[in-house]
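Notes for the one structure printed next.
The values are calculated or read from the model by the stated rules, or taken from the named source; none is laboratory data. The shown structure was predicted, so the numbers you read here are calculated from the model rather than taken from an experiment. Don't worry about glycine lacking a Cβ; one is built from the backbone with ideal geometry, like all the others, and counts go over all protein chains shown. Surface accessibility is based on the protein's heavy atoms, side chains included, excluding ligands, DNA and RNA. Shrake-Rupley method; radii C 1.70, N 1.55, O 1.52, S 1.80 Å.
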Amino acid sequence: MKEETTREILQCAAEHAARFREKITELPQRPELSYPAALETFRETLPERGSAGSEVIGELAAKAEPGLHAMTGPRFFGWVIGGSHPVGVAADWMTSAWGQNAGNHHAAPAAAAAEAIAANWLLDLLDLPRESSVGFATGATLANFICLAAARGEVLRQAGWDVEAQGLFGAPPVVVLIGDDAHATVFSALQFLGFGHDRVLRVQTDDMGRITGPAFAGAAAQVSGPCIAILQAGQINTGAFDDFAGMMPIARGLGAWVHVDGAFGLWARATPGKRGLTDGIDEAHSWATDGHKWLQTPYDCGYAIIRDQEAHRRAMTIAASYLPPTTEGERDPSHFVPELSRRARGFATWAMIKHLGREGIAAMVDRHCRVARAIAQRLSREDGINVLNEVALNQVLVRFGAAMPGEEGDRLTQATTARLQADGILFAGGAVWRGRRVMRMSVISWLTDDRAGEVAAGAIIAAWRAVRDGTEV
Ligand SMILES: *Cc1c(COP(=O)(O)O)cnc(C)c1O
């Protein structure tokens with residue numbers, strides 16, 4: 001096997017990665033290979049003998065690239081995901097190269113310190129209570145789980161039950177209030193925590209997927225005893241925000257722990273132009289959000305923010321004889337997440353905030369919202385295209401064949417979405433909203449600018465006209 005230096009191997013990877021990123025704007029917005037084809041590309045029996053590092057990296061790039069989706073490109077509007085900014089990627093490479101086990105601050109002082117400072121910056125940026133603790137998790141799914149674990153512990157502690165020690169068997173029942181349009185992963189978190197995803201009191205939402213004050217009051221009237229209320233900043237389809245200011249006094253009256261899923265929507269707080277959408281949100285007890293969405297860090301990165309640091313620690317702390325004890329006032333990253341050994345996510349977060357700054361983050365969020373609105377306005381002017389949501393943030397919900405009855409509109413919407421995906425000029429996915437097929441767009445990549453929005457809107461209109469003219473309606 002060829003002898004290689006560490007430098008040669010790392011430079012080989014940097015070369016492949018840079019080449020991939022340099023063509024990202026031009027790449028079609030769809031993978032060239034399907035999953036079965038990608039499987040065939042990788043299929044081979046277990047290698048008996050090893051290969052040189054740079055050969056392995058070269059082969060990996062050659063095999064993977066045709067099966068990659070250009071998710072970091074400027075016209076990727078699928079789901080709600082960030083663009084994995086090169087500065088974050090570079091910091092993440094260093095994170096891997098440094099190989100720090102970020103569990104505790106004695107073993108990895110720099111990793112723990114960068115995380116502690118990045119946590120303070122996040123609280124400042126999002127203007128949340130500065131006494132809050134922040135757990136650096138894999139994403140909002142786990143951040144929701146962490147926050148709800150702390151909520152579970154605290155509402156039961158107040159009812160005289162130690163759930164961390166005794167578990168849920170025999171515990172006083174906890175009522176979980178949750179909106180009808182909460183994200184699927186929040187129901188998963190409830191499932192992991194022993195609450196059950198169906199054993200909840202669902203609160204009706206309005207046509208944008210928001211919980212309104214009156215609906216919340218109606219549900220609250222049925223509650224007695226320990227209660228967790230789960231609210232949302234940024235509905236996955238419409239981008240809508242629950243009426244926090246209207247609900248907080250009611251939640252306080254119940255003595256409920258209020259948790260907010262703000263995977264992307266919480267970032268509205270980072271810009272004066274959108275901050276009003278989140279009024280009242282800082283009165284909650286916990287907030288889950290993502291770094292790998294609007295902050296553009298690479299995967300995986302989410303934040304569990306909890307006002308009651310003690311409740312947070314009680315729910316997550318790992319103690320073992322071989323781990324150094326923490327003294328008063330010291331912060332170990334592992335106190336705030338379920339994992340012990342994990343990557344040092346603080347570095348990429350620190351780097352992205354340092355790179356963009358408060359102003360750059362605000363400008364980016366504003367730009368995405370402006371592009372979403374411009375796309376919606378242009379599409380709305382085209383006969384047969386309907387934008388279904390109020391574009392208050394960065395999400396656009398589109399239905400084609402506006403005048404068509406349900407089934408025909410569904411068919412035209414699916415056909416247009418499929419045509420766009422085959423064209424590959426942009427990527428937007430499908431969903432069902434209020435029983436009808438829709439195409440959903442999320443403007444959230446750091447590379448997406450006004451021009452990308454114009455190209456996308458033009459391509460959508462062209463695809464719609466082609467589908468419409470190919471049908472005998
Ligand atoms: C993306 C998202 C989640 C899940 O976050 P992951 O980072 O994918 O784990 C939860 N809630 C909302 C509203 C989201 O947009």
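Descriptive notes on the structure:
- Calculated mean residue ellipticity, 222 nm, the chain: -13500 deg cm²/dmol, from DSSP H runs (n ≥ 4) at -39500 (n - 2.57) each, averaged per residue and rounded to 500.
- Computed magnitude of the charge dipole of segment 387-473 (debye, nearest 20; Cβ of K, R +1, Cβ of D, E -1): 200 debye
- The count of lysine pairs in the chain whose Cα atoms are under 25 Å apart, excluding pairs fewer than 8 places apart on the same chain, comes to 6.
- By accessible area with a 1.4 Å probe, ligands and nucleic acids excluded, highest first: order of Asp449, Asp261: Asp449, Asp261
- Which of Phe42, Gln11, Val56, positive extreme of dipole for segment 6-68 (C-beta unit charges): Gln11
- Normalised by residue count, the chain yields a Cα convex hull volume of 173 Å³ per residue.
- Shape of segment 91-353, Cα gyration tensor, a/c cut at 1.5: oblate
- Of all DSSP-defined beta bridges confined to the chain, some 60% are antiparallel rather than parallel.
- Each other residue within a Cβ distance under 9 Å of Gln232 adds +1 if Lys or Arg and -1 if Asp or Glu, for a net charge of -2.
- Shown here for segment 3-93: chymotrypsin sites (Phe, Trp or Tyr not before Pro) in loop regions (DSSP other than H, G, I, E, B) with at most 12 other Cβ atoms within 10 Å, of which there are none.
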